[in-house]
1. For residue 235, enumerate residues with amide H under 5 Å from its amide H, sequence gap 5+ or separate chain, H modeled in the peptide plane.
2. Around residue 266, under 10 Å between beta carbons, what's the net of Lys plus Arg minus Asp minus Glu among the other residues?
3. Between rounded, prolate and oblate, where does region 254-327 land on the alpha carbon gyration tensor, with a ≥ b ≥ c its root eigenvalues, rounded for a/c under 1.5, else prolate if a/b exceeds b/c?
4. Which order do the peptides 184-192, 264-272 come out in when sorted by mean C-beta neighbours inside 10 angstrom, highest first?
5. What shape does region 184-327 take by its C-alpha gyration tensor, where a ≥ b ≥ c are the square roots of the eigenvalues and a/c under 1.5 counts as rounded, a/b above b/c as prolate, and the rest as oblate?
6. Using amide H atoms built 1.01 Å from N in the peptide plane, name the residues 5+ places from residue 173, or on other chains, whose amide H lies under 5 Å from its own.
7. Work out the charge dipole of region 14-72 with +1 on the Cβ of Lys and Arg and -1 on the Cβ of Asp and Glu about the Cα centre, then indicate which of 17, 62, 48 is farthest towards its positive end.
8. Any idea of the accessible area per residue across region 121-259, 1.4 Å probe, to the nearest Å²?
Amino acid sequence: MRNKRLLIIHTGGTISMSEDENGKVSPTPHNPLLHNLERLNHPAQLSQENLFNLPSPHINLSHWLKIKARVEQAINLEKFDGVVITHGTDTLEETAYFLDLALTLHVDTPVTITGALRSSNELGSDGLLNLQNAIVVALSEQSRGRGVLVAMNDEIHHAKFVTKTHTTNVATFQTPTLGPCGLITKSGVLYFQHLTEYERYPVEHITKSNIQLIKAYAGMDSFLLEQLAQYGCDGVVIEALGAGNLPPSCLAGIEALQCANIPIVLVSRAFNGITQNLYDYPGGGKQLKQQGIIFTSGLNGQKARIKLLVLLNQKQPFSTLLDYFNR
């Protein structure tokens with residue numbers, strides 16, 4: 001039986017950086033990962049390329065579309081058996097979730113994303129080990145049909161719910177409420193969770209991309225919401241209080257957005273749990289739901305923004321896609 005063919009796509013980030021003598025970490029002209037693959041243990045035929053070399057705060061929608069196109073070409077046309085993407089950790093979860101929703105693949109070929117919290121020459125660097133683990137995950141037959149996976153710190157997470165929880169700790173990537181879907185062991189991968197549903201939507205052209213993300217707070221007024229309604233945007237995601245509530249002082253802004261036909265999606269700013277339309281008072285979730293505000297099931301703000309972006313750019317009317325936020 002032939003060895004599997006695996007493509008590694010490098011996009012930059014700490015995993016591709018080095019620390020100088022003053023302790024500053026920055027991109028280098030030559031990706032250190034390109035010269036270290038021989039140190040890894042894997043039964044695969046590896047190919048690798050630098051798609052770009054960017055810190056992840058520089059990654060935007062245009063880069064997502066380039067990564068998506070390259071992954072689709074690798075799997076659908078070049079017939080790679082799996083793809084690993086190296087990426088900076090600040091926006092890794094957003095790239096992973098966009099790909100999870102938007103990749104058009106004819107087979108359930110594994111796609112794994114990884115990164116590092118410590119650069120290549122720092123003491124305790126985690127980049128090579130995370131890359132090794134991502135390769136193991138992408139080569140596993142058990143990884144097929146699970147969507148885009150994030151492999152970090154010996155754990156496997158679904159792209160949909162994983163998030164960065166610590167600024168510098170190597171165990172930063174966690175899945176609140178649910179926990180990791182699998183582990184990477186000495187003998188391979190061990191899965192113990194499935195998502196109830198895997199979503200994938202065709203994304204051909206992005207014409208609606210001005211989607212704003214706002215965090216609610218005690219005493220929040222309508223100023224920002226009314227500005228968005230006046231000057232226009234394609235959608236608004238609000239990280240609401242508790243299970244999905246807002247101060248009454250911002251309800252005029254909600255009304256202004258709705259009068260401008262701007263869709264509003266509500267998530268919770270809380271770390272764990274889901275939004276629920278429980279409370280029946282001005283600004284309470286029950287009344288907001290009755291007003292047509294869209295509630296989500298466990299997505300954080302940045303993930304809800306990506307899902308709204310993808311759904312707004314579908315060919316069918318957005319009104320027919322509202323139930324997709326409950327998946």
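The values are calculated or read from the model by the stated rules, or taken from the named source; none is laboratory data. All of these numbers come straight from a predicted model, not from anything done at the bench. Glycine also receives a Cβ, built like all others from the backbone with ideal geometry; neighbour counts cover every protein chain displayed. Ligands, DNA and RNA are excluded from the accessible area calculation, which covers all protein heavy atoms including side chains. Shrake-Rupley method; radii C 1.70, N 1.55, O 1.52, S 1.80 Å.
1. 212
2. Details: positive: 289; negative: 239.
Residues near residue 266 contribute 0 overall.
3. Numbers: a/c = 1.88, a/b = 1.20, b/c = 1.57.
Oblate, since a/c reaches 1.5 and b/c is not below a/b.
4. Values: 184-192: 12.9, 264-272: 19.6.
Going by the mean number of other Cβ atoms within 10 Å, highest first, we get 264-272, 184-192.
5. Details: a/c = 2.11, a/b = 1.40, b/c = 1.51.
Cα axes put region 184-327 in the oblate bin.
6. Here 165 satisfy the definition.
7. 62
8. On the way: 6420 Å² over 139 residues.
Per residue, region 121-259 has 46 Å² of solvent-accessible surface.
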